[in-house]
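Notes to accompany the following structure.
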Amino acid sequence: PFMAALWPELLAGAAWWAWGDIDVLWGDLPRFLALAPPRGSFVCPLLPNPWGAATWGPFTAWRIAHNTTELFRESRKWRRVLQEPRPMQFDEWWGSGSSDWRMSFVVQRLVRQGRLGDAGVALPLAEAKSCVDPCAWCPCGAYTFE
């Protein structure tokens with residue numbers, strides 16, 4: 001959630017910015033992001049999901065024109081997140097702590113307020129098997145490389 005604000009020069013001329021993990025197979029992202037309707041502020045492959053999580057640590061893309069480069073400031077605790085010496089999961093929907101410690105819940109609030117909109121684009125990606133959950137809807141664990 002902090003990358004776009006830390007290195008704005010890397011976004012010059014770009015329409016989208018994103019965060020992602022190294023164990024994700026991406027597919028043709030520019031082609032699929034181009035399918036996002038103009039109202040779509042972000043693309044999250046985890047949507048829809050049973051928890052209502054709005055972001056996904058392995059990949060979430062943000063439309064720059066929708067003022068998404070500093071969304072972390074919408075969390076009342078973003079400064080504490082940066083000061084925390086222990087590992088944090090600020091980009092994830094899971095973990096301990098209040099919902100304001102999770103970017104996903106911050107984005108959920110902004111969607112409910114009508115300030116952001118999910119682009120509703122299905123992306124061709126899969127994350128390496130990282131959990132033992134048998135869920136069929138989730139991209140996490142879609143493939144194992146054994």
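Miscellaneous remarks
- For region 52-60, 3J(HN,Hα) per residue [Karplus equation, 6.51 cos²θ - 1.76 cosθ + 1.60, θ = phi - 60°, Hz, x = Gly/Pro]: x, 5, 9, 10, 9, x, x, 5, 8
- Å² per residue, accessible surface of region 6-50 at 1.4 Å: 62
- Net +/- balance of residues flanking residue 119 in space, Cβ distance below 9 Å, scoring K and R +1, D and E -1: +1
- Less than 5 angstrom separates the built amide H of residue 117 from those of 41, 42, all sequence-distant by 5 or more or on a different chain.
- With the simple model of a label 7 Å out from the Cα in the direction of the Cβ, residue 73 to residue 31 spans 3.7 nm.
- Table column - 3J(HN,Hα) (Hz), region 86-91, Karplus curve with 6.51, -1.76, 1.60, x for Gly and Pro: 7, x, 10, 10, 4, 7
The values are calculated or read from the model by the stated rules, or taken from the named source; none is laboratory data. Remember, predicted model here, so these are calculated numbers, not experimental data. When we count neighbours, we look across all protein chains shown, and the Cβ atoms used for this are built from the backbone with ideal geometry, even at glycine. All accessible areas refer to the heavy atoms of the entire protein, side chains included, with ligands and DNA or RNA removed. Shrake-Rupley method; radii C 1.70, N 1.55, O 1.52, S 1.80 Å.
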